[in-house]
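Written below as structure tokens is the structure these notes are about.
The values are calculated or read from the model by the stated rules, or taken from the named source; none is laboratory data. Note that the structure is predicted; figures quoted are calculated from it, not measured. Note that we place each Cβ from the backbone using ideal geometry, even for glycine, and neighbour counts take in every protein chain shown.
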Amino acid sequence: MMGRGRLAAWAVGLAALVALPFVYRDPYHLHILVLILIWSFAYTSWSMMGRFGLVSLGHGGFMGIGAYVTALLWNHLGWSPWIGIPIGMVAAGALALIVGYPCFRFRITGHYFVLVTLALSGIVLQVITATRDYTGGSLGYTPNRAAGNKLWSLQFDDKITWYLIALGVWLFGIVVWHWVDRSMARYALEAISEDEDAAAAAGVDVTAEKLKITLLSALMTALAGAIYCQYQMFITPDTVSGIAVSLQMVFAAIVGGLFVSLGPTFGAVITIMLAETLRIGFGTKAVGWDNLVYGVLLVLFIIFLPKGILGSLLDRLKPQRKVSSAHEQEVVQIARPGT
Amino acid sequence: MQAFFDIFDIYLLEAVINGILLGGVLALLALGLNLIFGVIDVTWICYAELVMIGMYAMYFLVQYYGISYFLAAPLTILLVAVLGAALHYLVIAPLLTAPPINQLLATGGVLFVLQSFATVAFGIDFRNLGIRLPVLAFGDMNFSYARLLSFLAALVGMVVVYLFMTRTFTGTAIRAISQDRQIMALMGVDTKRIYLITSAIGGGLAGLAACLLVLQYDVHPFVGLSFGPITFLICVLGGLGNFIGGFIAAFVFAEIISLGGLFSDLEWGYVLAFAFFIVMMFIRPAGLLARRR
């Protein structure tokens, strides 16, 4: 499907990315790059369902589950992340199915869906805080340092290894994105996002299609959380879970552009660089200022650049966007009771 | 054995009544959010953060400026009402024609702004009003006077809003707009003005809730997160924009939280409420009072 030129561009870009840490070794910049890659993967995971009008604010919950399950299994049971990560992913996937099934089966869309998922991420945060005897609560949690095999414990000290792992995971995300982009599911989901009833009438199993993409998205987000945990070796409920993280995902994906594979990555680059610049600019003395400016910029962005930076640049995507948003509004109106 | 049951029943009754008292404040919060959703068709994700700002306002007015509680309360309500109107004027109004997701995200940005503003301005310490209200003993049961006051004030607040909506011209216009957005503009109603008034009322309700919650809980920049999600669940369960549904749902949730808290930690009450919510979605997906389609 991909043109030869585009394939070559991807190959060259990828080769450059792989070669980068061997040429340029500044640890701080590598650290930022690793963070960008991990978060890009998380944002890409979100946009897998976000691009089909399934706006979830519950992904902070999935990410938190991935991170905490992996860390808890390692600390309390001594299970390697190689076992813990899949278990964390399955747990997040199960939660996605439990919440997703009634939502999709009973046509909970638009504002309703957003609020339900928003509550989901809030509840996950509450649970992590409530089980403070095991998870450390709001104070955060650190996986125990491993004594033996680094590969078994998935704990590496050098940034280059982590850079390559993050690159691999990110690439996996992009590949899955393209796989979905070229699958039959994409057409079904696009039909659903434009008109659910019409899609159902045309023989699309609306509930099953939505559940599939939600499951995929949740699994990948949990993986992102687990990788983030293994890299940072310190997680708090606020950094991997909750409403703030969910909003951060949506914002980055919207800023970058939802409908291109590199859009969320682009969004991650912009938002993380912005946050990091603000953090350094304000220093450690002024706690909170960076977030204040970040929030103001976020609001300004949405008011004045509602189509995202990449979206505004790529003019050709405009009609597609308009159609989906107009229909989203319609779906919301249909689903509202009592009016 | 008989004695055990006696004690158990007393505690149960106490929890049930405490749940009803908690339900008053939750219903107030749900009413404000529902009002804004029903009229303007926007969900303020930062609603609980407005309450947080109101709680800080109460704290500073009472603690630093030594104003009495009952004088500080109207000031706080007014302040948060102005804040609500400003939020609409500055953030929502430019986005009225934007896709719903952008409106949601913009209020999400405001959530960041308010939280970090509170962190910058007030620090992350837990603060409380320092007012100790007496405990009301009724038989063997103890009720905090603060909860009783909150419940009554919340009820009064809701009755006032109800009277405003049904007895005044502006209130009637607000209800009319929530029924048909397009037509009302053609009927000569100034929608911009109505939206602004609605936002101010929504903010005022958040302010009232803040005055009541500050009696029971400590203030800190992230306090909104502890009752924001539950308010959203209440609104969805009641049916977004459905005032009566939200009212009933608030009490149902408050009972679950209160009874859950009786047997375990309060946080688990929230988890139980969420589980209940998921189950309810299977039974009544479009809200408690909605007819099934």
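Considering B:Tyr217, B:Tyr195, which residue is under 18 Å from B:Leu31 (Cβ atoms), surrounded by fewer than 24 Cβ atoms within 10 Å (Cβ to Cβ) and hydroxyl-bearing (Ser, Thr, Tyr)? Checking each option against the conditions leaves just B:Tyr195. A:Trp162 satisfies every condition listed in (1) within 29 Å of A:Asp205 (Cβ to Cβ); (2) crowded, with 17+ Cβ neighbours inside 10 Å; (3) of a type outside the set (Asp, Glu); (4) more than 10 Å from every other protein chain (Cβ to nearest Cβ) except (1). Looking across the range B:60-119, just one residue is under 18 Å from B:Leu33 (Cα atoms), modelled with pLDDT under 85 and surrounded by fewer than 16 Cβ atoms within 10 Å (Cβ to Cβ), and that is B:Leu96. Is there a residue in the range B:230-237 that is part of a helix (DSSP H, G or I), within 20 Å of B:Ile17 (Cβ to Cβ) and either within 13 Å of chain A (Cβ to nearest Cβ) or in contact (Cβ under 8 Å) with a residue 12 or more places away in the chain (or both)? Yes, the range B:230-237 contains a residue that is part of a helix (DSSP H, G or I), within 20 Å of B:Ile17 (Cβ to Cβ) and either within 13 Å of chain A (Cβ to nearest Cβ) or in contact (Cβ under 8 Å) with a residue 12 or more places away in the chain (or both).
When you go through B:Leu266, B:Leu215, B:Leu240, B:Leu272 one by one, which is the residue that is modelled with pLDDT under 75 and over 24 Å from B:Gly108 (Cα atoms)?
Values: B:Leu215 fails: modelled with pLDDT under 75; B:Leu240 fails: over 24 Å from B:Gly108 (Cα atoms); B:Leu272 fails: modelled with pLDDT under 75.
Unique residue meeting the criteria: B:Leu266.
For the range A:55-104, a tally of residues being assigned to a loop (DSSP other than H, G, I, E, B) and within 13 Å of the chain's Cα centre (by Cα) returns 4. Kindly indicate whether any position in the range A:207-217 is crowded, with 18+ Cβ neighbours inside 10 Å, over 20 Å from A:Ala42 (Cα atoms) and without any contact (Cβ under 8 Å) to a residue 24 or more places away in the chain. Within the range A:207-217 (the criterion being crowded, with 18+ Cβ neighbours inside 10 Å, over 20 Å from A:Ala42 (Cα atoms) and without any contact (Cβ under 8 Å) to a residue 24 or more places away in the chain), the answer is no, since none of the residues qualifies. For residues that are aliphatic (A, V, I, L, M) and within 14 Å of chain B (Cβ to nearest Cβ), tally how many sit in the range A:67-111. Qualifying residue count for the region: 7. Scanning the range B:74-110 for residues that are facing chain A (nearest Cβ under 7 Å) and in a helix (DSSP H, G or I) turns up B:Val91, B:Pro94, B:Leu95, B:Pro100, B:Ile101, B:Asn102, B:Leu104, B:Leu105, B:Ala106, B:Gly108, B:Gly109, B:Val110.
Here B:Phe126, B:Phe117, B:Phe122 are screened, and the one residue that is in contact with a helix residue (DSSP H, G or I) (Cβ under 7 Å, 6 or more places away or on another chain) and more than 7 Å from chain A (Cβ to nearest Cβ) is B:Phe122.
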